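Reading through the structure tokens given below for one structure.
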Amino acid sequence: MAALEGCRCRGASGRSNNSILYSILKSDSLTSAEEQQQHQHQQQHPQQQTLQHLLHKTSSSSSSSAASPQELRQQACSCGSTRRRGVLRSPQVTCKAASAVLVKTLRFVKNVPCFRELPEDDQLTLIRSCWAPLLVLGLAQDRVDFDTTETVEPSMLQRILTGLPDRQSEVPAAGQSRGAAGVSVVDIDTIRAFLKKCWSVDISTKEYAYLKGAVLFNPDVEGLRCLHYIQSLRREAHQALNEHVRLIHREDTTRFAKLLIALSMLRAISPPVVAQLFFRPVIGTVSIEEVLMEMFYGK
């Protein structure tokens, strides 16, 4: 595995201790050890404190904000499936579970030596691009299910005929954020389909770790300095997953293909939708990237 010339990161050939195979296994074991002490340190964990601080900060501030470009596209569409939106039935419970998964996900990333050896610019770029698919993978691994209740979004014609204001000009009631408007049920169904796919395959802990490595080291992200090195890490993650599947599931010749299909399903899941559904009800108008940076780097 050769590093891109000029990078601060280091490469290694074969199955050395710097390879993604050993790095992810080491990270997985560290994460498992930390999970055993989670209840003892949860209150003192700086990442948890950061999230709690943001939750407290946003609870006393105004929650109104401009609609996102995705929301504007959905409003302009007259398709009935776009107007049908869903919200979490138990937002406090589900958002708490998603927040715990986010903490574990960022801890996993921190424990991968190959990631820490990358330049900080590449680290930030990868975190911003992969946090959502990594989180959804974590939801699948922890078997976090969620219920939603549907709300029907009035069409533009209905708003004009009935005199309702445009959603862009609506001001949420006190204590209510725009997250209450929910997300498209199509997007919710996409997330649920991925979770069901993972659960039907019954993915193991090591397989989840290799899948996370394949998601984390994404060479398709623009602006990477160590592009070739990250490409080699992605290839090695796929190779390690394939070798593991062939060793453990020799009788199942289609299992590796099923895992790749699950990975491809992640591409259809929008990060703004993940943020809107699982975090907007509790963080309000605070940017999810601000939360990520404070939790990961303490910035």
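Structural remarks
- Screening the range 243-256 for residues that are of a type outside the set (K, R) and either open to solvent by less than 50 Å² (accessible area, probe 1.4 Å) or touching a Ser or Thr at 6+ places or on another chain (Cβ under 9 Å) (or both) and picking the one that is nearest to C114 (Cα to Cα) gives H244.
- Of the numbered criteria (1) surrounded by fewer than 22 Cβ atoms within 10 Å (Cβ to Cβ); (2) farther than 29 Å from P119 by Cβ; (3) at pLDDT below 95, the one I188 fails is (3).
- Conditions (1) surrounded by fewer than 19 Cβ atoms within 10 Å (Cβ to Cβ); (2) within 22 Å of the chain's Cα centre (by Cα); number of the one not met by L233: (1)
- Selection count where residues are open to solvent by less than 50 Å² (accessible area, probe 1.4 Å), small (G, A, S) and in contact with a helix residue (DSSP H, G or I) (Cβ under 6 Å, 6 or more places away or on another chain), scope the range 257-274: 1
- Residue within the range 220-228 that is more than 17 Å from the chain's Cα centre (by Cα), in a helix (DSSP H, G or I) and surrounded by fewer than 20 Cβ atoms within 10 Å (Cβ to Cβ) present: yes
- Residues satisfying the stated conditions in the range 183-209, i.e. under 21 Å from H249 (Cβ atoms), part of a helix (DSSP H, G or I), out of contact with any Asp or Glu (no Cβ under 8 Å at 6 or more places or on another chain) and of a type in the set (V, I, T): V201
- Selection count, the range 100-113, where residues are open to solvent by less than 10 Å² (accessible area, probe 1.4 Å) and over 13 Å from A209 (Cβ atoms): 4
- Matching residues in the range 275-295 - criterion: being open to solvent by 20 Å² or more (accessible area, probe 1.4 Å) and either under 13 Å from L124 (Cα atoms) or in contact with a His (Cβ under 9 Å, 6 or more places away or on another chain) (or both): E289, E290, M293, E294
- Test: residue in the range 176-184 that is of a type outside the set (A, V, I, L, M, F, W, C), at pLDDT 95 or above and either buried (at least 21 other Cβ atoms within 10 Å of the Cβ) or in contact with a Cys (Cβ under 8 Å, 6 or more places away or on another chain) (or both): no
- For the range 143-158, residues that are of a type outside the set (D, E, K, R) and modelled with pLDDT of 70 or more total 5.
- Subset of the range 257-282 (residues that are in a helix (DSSP H, G or I) and more than 14 Å from C198 (Cβ to Cβ)): A257, P271, P272, V273, V274, A275, Q276, L277, F278, R280, P281, V282
The values are calculated or read from the model by the stated rules, or taken from the named source; none is laboratory data. All values derive from a computational prediction rather than experimental measurement. Positions of Cβ are backbone-derived with ideal geometry, glycine not excepted, and every protein chain shown enters the neighbour counts. Note: areas computed on protein heavy atoms with side chains; ligands, DNA, RNA excluded. Shrake-Rupley method; radii C 1.70, N 1.55, O 1.52, S 1.80 Å.
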